[in-house]
1. Determine whether the range 79-87 contains at least one residue that is among the acidic types (Asp, Glu) and either open to solvent by 80 Å² or more (accessible area, probe 1.4 Å) or in a strand (DSSP E or B) (or both).
2. Scan the range 7-42 for residues that are hydrophobic (A, V, I, L, M, F, W, C) and either without any contact (Cβ under 8 Å) to a residue 24 or more places away in the chain or touching a Leu at 6+ places or on another chain (Cβ under 9 Å) (or both) and jot them down.
3. For Asp12, only one of the following conditions fails: (1) on the phi < 0 side of the Ramachandran plot; (2) open to solvent by 60 Å² or more (accessible area, probe 1.4 Å); (3) more than 10 Å from the chain's Cα centre (by Cα). What is its number?
4. Is there any pair with a first residue in the range 52-63 that is open to solvent by 60 Å² or more (accessible area, probe 1.4 Å) and a second that is of a type in the set (Ser, Thr, Tyr) whose Cβ atoms are under 6 Å apart and which are 6 or more apart or on different chains, and what are they?
5. Across the range 24-39, which residue is farthest from Lys85 (Cα to Cα) among those that are part of a strand (DSSP E or B) and aliphatic (A, V, I, L, M)?
6. Among the residues of the range 40-72, write down those that are closer than 20 Å to Thr97 by Cα, part of a strand (DSSP E or B) and not charged (D, E, K, R).
Amino acid sequence: MGQDDVQGAATDLANKGCMFANGAWDFTGTLSNSQKGAQFYSVRVWVRDTKTSSVVASQVLEEKLDPGKSVKLDRKALVKTNDAKGLDCVVDVIRKTA
């Protein structure tokens, strides 16, 4: 995978957010393929310790999108943790030509 395959992939995920409720992190976002060809996406949701940046839990969502297509990602209880104290959620996106 060359650099061109991943450059700008983060901009393909809009309205992203994480929320802790009932012992788990919910994730929402809208993934849109802005490229001229079909793309494979990996959206990684990390829950990390805010002091150490250590990953406590993570999950990967994978989608294949045709050009110009979008998908709403709405995942409940995607990542489970005991509580949200001292934790935050980080999201990154990798895009690869299908």
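1. Taking the range 79-87 and keeping what is among the acidic types (Asp, Glu), we get 83.
Within this subset, residues satisfying the condition of being either open to solvent by 80 Å² or more (accessible area, probe 1.4 Å) or in a strand (DSSP E or B) (or both) are none.
Scanning the range 79-87, I find no residue that is among the acidic types (Asp, Glu) and either open to solvent by 80 Å² or more (accessible area, probe 1.4 Å) or in a strand (DSSP E or B) (or both), so the answer is no.
2. Let us first name the residues in the range 7-42 that are hydrophobic (A, V, I, L, M, F, W, C), namely 9-10, 13-14, 18-21, 24-25, 27, 31, 38, 40.
If the condition is that a residue be hydrophobic (A, V, I, L, M, F, W, C) and either without any contact (Cβ under 8 Å) to a residue 24 or more places away in the chain or touching a Leu at 6+ places or on another chain (Cβ under 9 Å) (or both), then Leu13, Ala14, Cys18, Met19, Phe20, Ala21, Ala24, Trp25, Phe27, Leu31, Ala38, Phe40 are the ones that fit.
3. (2)
4. As it stands, the answer is Val56/Thr81; Val60/Ser42; Glu62/Ser42, since those pairs meet every condition given.
5. My answer is Leu31.
6. Phe40, Tyr41, Ser42, Val43, Val60, Leu61, Leu65, Ser70, Val71 - these are the residues of the range 40-72 that are closer than 20 Å to Thr97 by Cα, part of a strand (DSSP E or B) and not charged (D, E, K, R).
The values are calculated or read from the model by the stated rules, or taken from the named source; none is laboratory data. Here the structure is a predicted model, which is why all the values come from computation and not from measurement. Positions of Cβ are generated from backbone atoms using ideal geometry, with glycine treated the same way; all protein chains shown enter the neighbour counts. Ligands, DNA and RNA are stripped out before the accessible areas are found, and what is left, the full protein with its side chains, is counted by its heavy atoms. Shrake-Rupley method; radii C 1.70, N 1.55, O 1.52, S 1.80 Å.
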